[in-house]
Each structure stands twice: as structure tokens, then as C-alpha cells.
1. Scan segment 77-87 and give yes if some residue there is open to solvent by 20 Å² or more (accessible area, probe 1.4 Å) and over 18 Å from Thr12 (Cβ atoms), otherwise no.
2. The conditions are (1) open to solvent by 20 Å² or more (accessible area, probe 1.4 Å); (2) not in a strand (DSSP E or B); (3) not charged (D, E, K, R), and Ile121 fails exactly one of them. Which is it?
3. Of the conditions (1) in contact with a strand residue (DSSP E or B) (Cβ under 8 Å, 6 or more places away or on another chain); (2) outside any loop (DSSP other than H, G, I, E, B); (3) closer than 29 Å to Leu8 by Cα, Ala130 fails just one. Which one is it?
4. How many residues are open to solvent by less than 50 Å² (accessible area, probe 1.4 Å) and over 16 Å from Leu80 (Cβ atoms) if we restrict to segment 4-18?
5. For residues in segment 54-76 being modelled with pLDDT of 95 or more and out of contact with any strand residue (DSSP E or B) (no Cβ under 6 Å at 6 or more places or on another chain), which is surrounded by the most Cβ atoms within 10 Å (Cβ to Cβ)?
6. From the residues in segment 108-118 that are within 15 Å of the chain's Cα centre (by Cα) and either modelled with pLDDT under 95 or of a type outside the set (S, T, N, Q) (or both), which one is most open to solvent (accessible area, probe 1.4 Å)?
7. Which one of the conditions (1) farther than 17 Å from Val83 by Cβ; (2) under 18 Å from the mean Cα position of the chain (by Cα); (3) surrounded by 12 or more Cβ atoms within 10 Å (Cβ to Cβ); (4) at pLDDT below 95 does Leu1 fail to meet, given that it meets all the rest?
Amino acid sequence: LLKDGQDLTVITPSLAVASELQHAAGVEVILLGGTIRRGSPDLTGPVTEHCLELFAADLAFQGADAIGIDGSIYNSDLRLARVDQLMRRVAKRCCVLSDHTKIGHTALARSGSLAEVDIFITDRGAPADALKRFTKLGTKIVTVSPLIFP
């Protein structure tokens with residue numbers, strides 16, 4: 001959906017995101033350097049971290065591999081967890097996105113808490129009791145219907 005953006009700059013460690021946006025006329029894409037994560041189109045590691053420290057961003061969108069019942073944010077890769085922490089630090093605001101199947105679970109590396117983010121976006125299948133707990137952390141909760149592409 002960002003392809004239709006106008007006067008938008010996207011800073012990303014994702015080869016997939018960069019590839020998707022490379023021909024978008026109103027979008028400038030800055031691809032961070034780093035090491036390609038095995039089995040994933042994401043760049044991680046010290047080079048990625050150094051590149052991130054060069055920027056300031058208005059808004060960060062981040063995925064999560066799991067969201068604990070206490071609102072902890074988890075990644076399955078330690079290096080990716082570190083990149084996510086730095087992204088939150090350089091952004092004025094942060095949105096974490098995760099579907100309902102990841103709520104109530106953990107993964108290898110805890111990268112932070114929903115208390116550190118502005119908005120948590122999930123789908124309508126998310127358990128109401130978990131969303132109530134997350135709201136108490138001070139995070140705005142947005143539930144959406146799944147987007148189906150043709």
C-alpha cells in the first residue's frame with residue numbers, strides 16, 4: 001500500500017520491501033546494509049545497526065514473531081531483535097504489527113515491550129483479554145480485518 005505514497009522516504013533492512021517499492025514514483029527507498037539473514041530477505045548485524053544510527057524517522061512499522069501475554073515483543077533472531085530495538089530508538093513513533101496467532105507466545109529473543117510502542121496493530125481474532133492487558137500498558141490497540149489481495 002506504500003507504493004501510492006507521495007513524498008515518502010522508506011528506510012528498511014528488508015530486501016523484499018525495497019524490491020516492492022523500487023518503482024514507486026513518490027517513494028524514496030533507503031536500503032540499510034548488513035548481513036542477509038539465512039532463509040529471510042532481511043539484513044541484520046553490526047553494519048545494519050551502524051546504518052540505522054545515521055537516521056531519524058517519524059514512524060517505524062515493525063513485525064513481531066511473538067507477543068507474550070505480558071506484552072513482551074519477541075523475535076526469533078537475536079540480531080533482528082537488536083535492529084528492532086534501534087529502529088524504535090531512532091523513530092518518533094512506532095507501530096508493531098502481529099496477527100492473533102502470535103499473541104500469547106514467546107520466541108528466542110525479547111526485543112522490548114508494547115509499553116514502548118505507540119500503536120499495536122492486530123487482527124480481529126486477537127483474544128479480548130490480551131488486548132485489555134495490552135491497553136493497560138499505555139499502547140493504543142488497533143484491530144483490523146485481514147487484507148486480501150487478488
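The values are calculated or read from the model by the stated rules, or taken from the named source; none is laboratory data. No experiment lies behind these values; they were computed from the predicted model shown. Here the Cβ positions follow ideal geometry from the backbone for every residue, glycine too, while neighbour counts run over all protein chains shown. For accessibility, only protein heavy atoms count, side chains too; no ligands or nucleic acids. Shrake-Rupley method; radii C 1.70, N 1.55, O 1.52, S 1.80 Å.
1. So far as segment 77-87 goes, yes, one or more of its residues are open to solvent by 20 Å² or more (accessible area, probe 1.4 Å) and over 18 Å from Thr12 (Cβ atoms).
2. It is condition (2) that Ile121 fails.
3. Ala130 satisfies every listed condition except (3).
4. Number satisfying all stated conditions: 3.
5. Gly68
6. Here is the first cut: in segment 108-118, the ones within 15 Å of the chain's Cα centre (by Cα) are 109-118.
From the residues that got through so far, the ones that are either modelled with pLDDT under 95 or of a type outside the set (S, T, N, Q) (or both) too are 109-110, 112, 114-118.
Details: Ala109: 5, Arg110: 125, Gly112: 2, Leu114: 0, Ala115: 57, Glu116: 106, Val117: 8, Asp118: 60 Å².
Restricting to residues being within 15 Å of the chain's Cα centre (by Cα) and either modelled with pLDDT under 95 or of a type outside the set (S, T, N, Q) (or both), the top hit is Arg110.
7. (3)
To keep it simple, each residue is scored yes or no on (1) in contact with a His (Cβ under 9 Å, 6 or more places away or on another chain); (2) touching a residue at least 40 places away in the same chain (Cβ under 8 Å); (3) over 12 Å from Gly68 (Cα atoms).
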{"residue": "Ser98", "(1), (2), (3)": "no, no, no"}
{"residue": "Thr101", "(1), (2), (3)": "no, no, no"}
{"residue": "Thr106", "(1), (2), (3)": "no, yes, no"}
{"residue": "Asp118", "(1), (2), (3)": "no, no, yes"}
{"residue": "Asp123", "(1), (2), (3)": "yes, no, yes"}
{"residue": "Leu131", "(1), (2), (3)": "no, no, no"}
{"residue": "Lys136", "(1), (2), (3)": "no, no, yes"}
